[in-house]
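One structure below.
The values are calculated or read from the model by the stated rules, or taken from the named source; none is laboratory data. Nothing here was measured: the structure is a model prediction, and the numbers come from that model. Every residue, glycine among them, receives a Cβ derived from its backbone with ideal geometry; neighbour counts consider all protein chains shown.
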Amino acid sequence: MKRNIFLLLLAAASLLSGCKKLLEEEPSSFVSPDTFFESENQCVAALNGCYIPLTSVFIPDLMISLEGATDLAFLNSSFIDARYEISPANPGMGDNIWTACYQGVMYCNAAVYGIENATIPAEKKPPLKAEAVALRALYYYVLTSTFNDVPFYTQPVNSLNALNEIKKIGRMDAKATRDSLIRELQTYAPYLPQKRTSDVPQNRISAPFAWMLIGKMALWNKEYEVCSAAMEEIRKIYGQLAQYPLTDTWFRNKNKPESIFEVQYTWSVTGLKKTTSTAAYFTPTKTSGTSIYDGVDIPELGSKANPFTSITPTEYFMSLYTVTDPRREIILAYSYNGSYFKRPMQNNGTGKAWMGPKFWCPGMDNIADGNNQKVFRYADALLMLAESANETGNTALAMQCLNEVKSRAEADAVLTAYPGKAEFFQEVKKERARELMGEYGRKWDLVRWGTFFADVSATSASEFPVMQANLRPYHEYYPIPDKEVVRSGGILTNPAYK
């Protein structure tokens with residue numbers, strides 16, 4: 001009898017999470033992909049499974065680590081990630097990221113193998129395989145950015161022999177892993193739809209998603225020409241940034257034309273729910289049972305929301321905006337609809353702003369947030385191109401791309417003359433903060449720039465004493481969880497955390 005693909009995928013996921021019972025199963029309990037990839041619909045069903053772990057990756061835990069414990073913001077809470085109290089024995093969000101991303105890898109490996117061996121016309125395989133290849137690259141991008149060197153494998157787990165071989169894999173050099181993924185993406189990106197993601201049915205990925213991953217990993221590896229070439233492919237599709245309104249950057253505004261990749265969440269009173277609680281960490285404090293948020297009535301947020309302690313911007317981050325930059329009132333909140341919040345007005349108007357409406361979720365029910373999580377946008381691609389062009393000496397292109405982002409927000413803020421390579425790079429760092437805060441990347445930017453420890457020490461750690469006390473240079477990467485080290489028989493190690 002024909003088996004369903006998800007039997008294999010769910011078995012693989014359970015194996016990764018360490019279910020001892022499944023580790024002891026006989027090989028006959030695994031399903032070979034070539035027994036059920038007999039139609040294009042079955043291949044698509046396999047690809048659908050590759051998207052499933054995304055909602056276990058792009059969640060508040062990762063947001064707090066990447067945005068709420070950086071130079072831009074801190075979270076005054078008991079979260080060990082926010083306080084830098086992580087260790088191999090207590091790895092915080094690293095435990096979840098390791099498990100969810102390797103689930104995604106297993107799903108994608110199974111899909112790739114099944115599509116390669118499917119009994120469908122050969123010309124239909126490359127576009128299908130390209131989707132799985134690109135999603136697999138995303139999971140490895142998150143893993144290498146979080147842990148640096150990690151095990152890298154592409155074979156399907158369809159037998160205990162295969163599983164035993166995988167268990168022997170140690171850390172692979174992250175640069176080598178990224179180079180391998182870049183080459184594979186360069187091969188398969190042309191097979192994905194050459195259009196904006198918003199024009200692809202069912203919110204599936206398109207070629208710009210693959211080009212973004214190429215560019216992201218190329219920047220990590222300091223392969224600036226590779227990044228530039230990938231970003232130019234995106235420019236061909238997306239055109240001028242000015243055509244995309246700033247309001248489309250709000251998380252509540254889903255799948256707008258500027259978006260390149262969003263993780264899909266939904267919420268309705270009566271329908272299916274797939275929610276996160278991210279907005280609860282970005283919403284001002286609320287008076288119980290009302291729609292009053294720190295003294296301001298915000299009817300669209302409703303009276304049922306139950307926000308947590310909010311991520312708080314650093315003094316450095318607040319200083320980056322001019323009062324005429326419209327992003328200031330989108331990403332930070334001093335007031336709303338003409339009414340000032342109480343906290344920013346403290347100490348003669350020098351109090352901390354709240355995080356702004358970009359992140360708020362209208363109608364949030366308790367902590368249930370149905371906003372999409374924005375991960376890649378076109379503005380990000382332009383800033384990546386500005387950075388890589390600056391590194392290769394193409395100053396005219398660097399200026400053009402940086403000013404395209406600046407001018408959409410504030411025409412008077414554009415650079416009128418190239419200030420020099422080092423000075424331009426500093427402005428790129430600041431502009432990425434102004435434009436992209438909250439889009440799952442700030443810590444990784446700091447790490448790849450080599451400025452993580454110095455930048456965080458000088459900003460959020462200077463305001464948040466427990467962070468200052470705990471922060472160490474090795475916190476740029478997370479430790480592999482102890483349980484995974486034990487499961488590997490000691491092949492996996494955490495030398496930086498000794």
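Set side by side, the residues ASP95, ASP81 differ, and just one is farther than 29 Å from ARG434 by Cβ and either part of a helix (DSSP H, G or I) or at pLDDT 95 or above (or both), which is ASP95. Across region 107-147, the qualifying residues are those that are farther than 24 Å from GLN186 by Cβ and of a type in the set (A, V, I, L, M, F, W, C), and the one among them that is surrounded by the most Cβ atoms within 10 Å (Cβ to Cβ) is PHE147.
When VAL375 is tested against (1) of a type in the set (Val, Ile, Thr); (2) surrounded by fewer than 24 Cβ atoms within 10 Å (Cβ to Cβ); (3) touching an Asp or Glu at 6+ places or on another chain (Cβ under 7 Å); (4) assigned to a helix (DSSP H, G or I), just one condition goes unmet, and that condition is (4). For region 202-235, give me the residue count where each residue is at positive phi and of a type in the set (S, T, N, Q). Summing the residues that are at positive phi and of a type in the set (S, T, N, Q) in region 202-235 gives 2. Residues that are surrounded by fewer than 20 Cβ atoms within 10 Å (Cβ to Cβ) and assigned to a strand (DSSP E or B): does region 294-310 have at least one? Within region 294-310, one or more residues are surrounded by fewer than 20 Cβ atoms within 10 Å (Cβ to Cβ) and assigned to a strand (DSSP E or B).
Evaluating ASN348 against the criteria (1) buried (at least 22 other Cβ atoms within 10 Å of the Cβ); (2) assigned to a helix (DSSP H, G or I) leaves one unmet condition, (1). Apart from one condition, PHE79 fits all of (1) surrounded by fewer than 24 Cβ atoms within 10 Å (Cβ to Cβ); (2) closer than 15 Å to SER310 by Cα; (3) touching a residue at least 24 places away in the same chain (Cβ under 8 Å); the exception is (3).
Condition check ((1) in a loop (DSSP other than H, G, I, E, B); (2) in contact with a Ser or Thr (Cβ under 9 Å, 6 or more places away or on another chain); (3) buried (at least 23 other Cβ atoms within 10 Å of the Cβ); (4) at positive phi) across all residues:
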{"site": "THR290", "(1), (2), (3), (4)": "yes, yes, no, no"}
{"site": "THR322", "(1), (2), (3), (4)": "yes, no, no, no"}
{"site": "GLU329", "(1), (2), (3), (4)": "no, yes, no, no"}
{"site": "ALA381", "(1), (2), (3), (4)": "no, no, yes, no"}
{"site": "LEU397", "(1), (2), (3), (4)": "no, yes, no, no"}
{"site": "CYS401", "(1), (2), (3), (4)": "no, no, yes, no"}
{"site": "GLU404", "(1), (2), (3), (4)": "no, no, no, no"}
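ALA280 satisfies every condition listed in (1) more than 28 Å from TYR51 (Cβ to Cβ); (2) touching a helix residue (DSSP H, G or I) at 6+ places or on another chain (Cβ under 8 Å); (3) not in a loop (DSSP other than H, G, I, E, B) except (1). Among the residues of this structure, ARG196 counts as one that is surrounded by fewer than 23 Cβ atoms within 10 Å (Cβ to Cβ), in contact (Cβ under 8 Å) with a residue 24 or more places away in the chain, charged (D, E, K, R) and not assigned by TED's automatic domain parsing to the domain that holds ASP95. Of the residues screened, LEU75 is not one that is under 21 Å from PHE261 (Cβ atoms) and modelled with pLDDT of 95 or more. For region 242-261, the criterion of being among the aliphatic types (A, V, I, L, M) and surrounded by fewer than 15 Cβ atoms within 10 Å (Cβ to Cβ) is met by at least one residue.
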